[in-house]
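The structure under discussion is supplied below as structure tokens; questions concerning it will follow.
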Amino acid sequence: MNKTAYITGGSKGIGLGVAKAMLAKGMNVAITGRNRESLNVAIEVLNKVGNGEILAIESDVRDYESEKNAIGQVLKKWGTLDVVIANAGVGKFASIEDMSLEDWNSVIDINLTGVFHTVKASIPSMKKSKGYIITIASLAGTNFFKKGSAYNASKFGLVGFTQAIMMDLRQYGVRVTTIMPGSVATYFNGHVPSDEDSWKIQPEDIGQMIVDLLKMNPRTLPSKIEIRPSIPPGK
């Protein structure tokens, strides 16, 4: 699979799992993150995976110019961009009374506006390559819950955003999909994965799904995909 991918939030969790799956298929992969130390650790892991080349870039999705610069680095190194995985995200959970302005803005700026920045910066390259844009939303984008005002708002917004840009961009041969996972074994919100998370969706499962999506005939587009653990505890 001779393609080049750009993954935001790629130093751990879902982003890292997707990067592994793509490298194993021989793709060239650029991952981004705000922390150089975490990126360096991820590079050590990814260098052992497959035949594709890997590039780690410091970028903050909250900053449009930062994303433009990161994508420019990808194009400078490989000359093309075929796949964009808008994965970077955070979670802040509190009742509306306790939700701080800082936490609200952080969630919206990263989970929603950050995806806008990534996608906006990638459109010229995507149109040229007739590429594939995939956003990582959540089942929280359709199921609201207590203390989820910021997170629900960001993910409901992300689902709507992705479906709208799917209709904007398909006329250029650019495919757009949003994936809405349930419980995933990641470091999200300070959690440290352990054996107790074995029932959850694993990052490599999402990586496998995305690789399979890339193999689909371009005439067919799964525009919105919900995935969840098969057997949650106590069920």
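I want to verify the translational diffusion coefficient of region 4-227 in µm²/s; compute it with Stokes-Einstein, Rh as the Kirkwood radius over Cα pairs, at 25 °C and 0.890 mPa s.
Value of D from the Cα-based Kirkwood radius: 141 µm²/s.
Checking the table Lys68/Lys128; Lys120/Lys146; Lys25/Lys92; Lys48/Lys130 against a 23 Å threshold on Cα-Cα, which pairs fail?
In this structure, Lys120/Lys146; Lys25/Lys92; Lys48/Lys130 lie more than 23 Å apart at Cα.
Here's something else I'd like to know. By the scheme Lys and Arg +1, Asp and Glu -1, what is the net charge of all other residues having a beta-carbon under 13 Å from that of Lys147?
Cβ neighbours under 13 Å give a net charge of -1.
What percent does the relative contact order of region 4-227 come to when contacts are Cα pairs within less than 8 Å and at least six residues apart?
21
Follow-up question, since we're still on this one. Contour minus end-to-end for Gln171 and Val211, with contour as 0.36 nm per residue of separation and end-to-end as the Cα-Cα distance?
Answer, rounded to one decimal: 12.1 nm.
Roughly how tilted is helix 114-129, in degrees to the nearest 10 and between 0 and 90, from the longest Cα axis of the chain?
Helix 114-129 and the main axis of the chain meet at about 20 degrees.
So for each of 128-139, 220-231 I average, over its residues, the number of other beta carbons within 10 Å; can you give me the resulting order with the highest mean first?
In descending order of packing, they fall as 128-139, 220-231.
Taking Cα atoms, how many degrees apart are the long axis of helix 36-46 and the longest axis of the chain, rounded to 10 and kept between 0 and 90?
The angle comes out at about 70 degrees.
Relative contact order for region 91-165: what is it in percent, counting Cα pairs under 8 Å that are at least 6 residues apart?
Value for region 91-165: 43 percent.
On to the next question. Using 0.36 nm per residue of separation minus the Cα-Cα distance, give me the extension gain between Val41 and Arg228 in nm, one decimal.
So the extension gain works out to 64.5 nm.
Computed from the coordinates by the stated procedures, all read-outs in this text should not be read as laboratory data. Because the structure is predicted, anything quoted here is derived from the model rather than measured. Cβ: placed from backbone, ideal geometry, glycine included. Neighbour counts: every protein chain shown.
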